[in-house]
1. Along the Cα→Cβ direction, 7 angstrom out, place labels at Val79 and Phe4. What is the inter-label distance in nm?
2. With each run of n ≥ 4 DSSP H residues scored as -39500 (n - 2.57), what mean residue ellipticity at 222 nm is computed for the chain after dividing by its residue count and rounding to the nearest 500 deg cm²/dmol?
3. Say R0 is 30 Å: what FRET efficiency, to the nearest 0.05, do Glu87 and Asn51 get from their beta-carbon distance?
4. For the chain, what is Rg from Cα atoms divided by 2.2 N^0.38 Å, rounded to two decimals?
5. Counting only GluC sites (Glu not before Pro) that are in a DSSP loop and have at most 11 other C-beta atoms within 10 Å, tell me the longest site-free stretch of the chain.
6. Counting pairs of alpha carbon atoms under 8 Å apart in space and at least six apart in sequence, what relative contact order in percent does the chain give?
7. Counting other Cβ atoms within 10 Å of each Cβ, which chymotrypsin sites (Phe, Trp or Tyr not before Pro) in the range 12-113 have at most 13 and sit in a DSSP loop?
8. How much length, in nm to one decimal, is gained on full extension between Lys66 and Tyr16, taken as 0.36 nm per residue of separation minus their Cα-Cα distance?
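FYI, it's all coordinate maths here, none of it is from the lab. Given the structure is predicted, the values throughout are model-derived calculations rather than measurements. FYI the Cβ positions are ideal-geometry reconstructions off the backbone, even for glycines, and counts take in every protein chain you see.
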Amino acid sequence: MSEFPDCPQCGRSNVYADRDQWVCPDCGHEWPASAASEEAAGPVVRDSNGNPLAAGDTVVVIKDLKVKGSSIPLKQGTVIRNIRLVEDDPEHIEGHSDKIKGLVLKTQFLRKA
Ligand SMILES: [Zn+2]
């Protein structure tokens, strides 16, 4: 690891590595180095509350949504199990409801269950 991140708490760059953690000597903040590298791997997908979503998560639709190519609207409260993330698109996830298969949904209308 040659690239040291800036401290997410105070923004200073005197950060050093302590085993598997980053440590900021300026404000004393410590955080796991593995989480930092995970986030660098790709955009983080977040639900309407800002909670990170991962493949396999269950989400709930928070408002009625029209579905392209379907006359059935997706009702508020519909549960989508075992979601898949869309590569390079953190604003959408894919999944199936009980009635509609192959949905692509905006994460801003979803809440992690
Ligand atoms: Zn700091």
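1. If labels sit at Val79 and Phe4, their model points lie 4.8 nm apart.
2. Helices in the chain give a 222 nm mean residue ellipticity of -2000 deg cm²/dmol.
3. Taking R0 as 30 Å, the efficiency between Glu87 and Asn51 is 0.90.
4. Compared with the compact-globule rule of thumb, the chain sits at 1.40.
5. On the way: sites that count: Glu3, Glu87.
Counting only loop sites that pass the neighbour cut-off, the longest clear stretch is 4-86.
6. Details: 206 pairs, mean separation 22.4, N = 113.
The value is 20 percent.
7. Sparse-neighbourhood loop chymotrypsin sites (Phe, Trp or Tyr not before Pro): none present.
8. 13.0 nm
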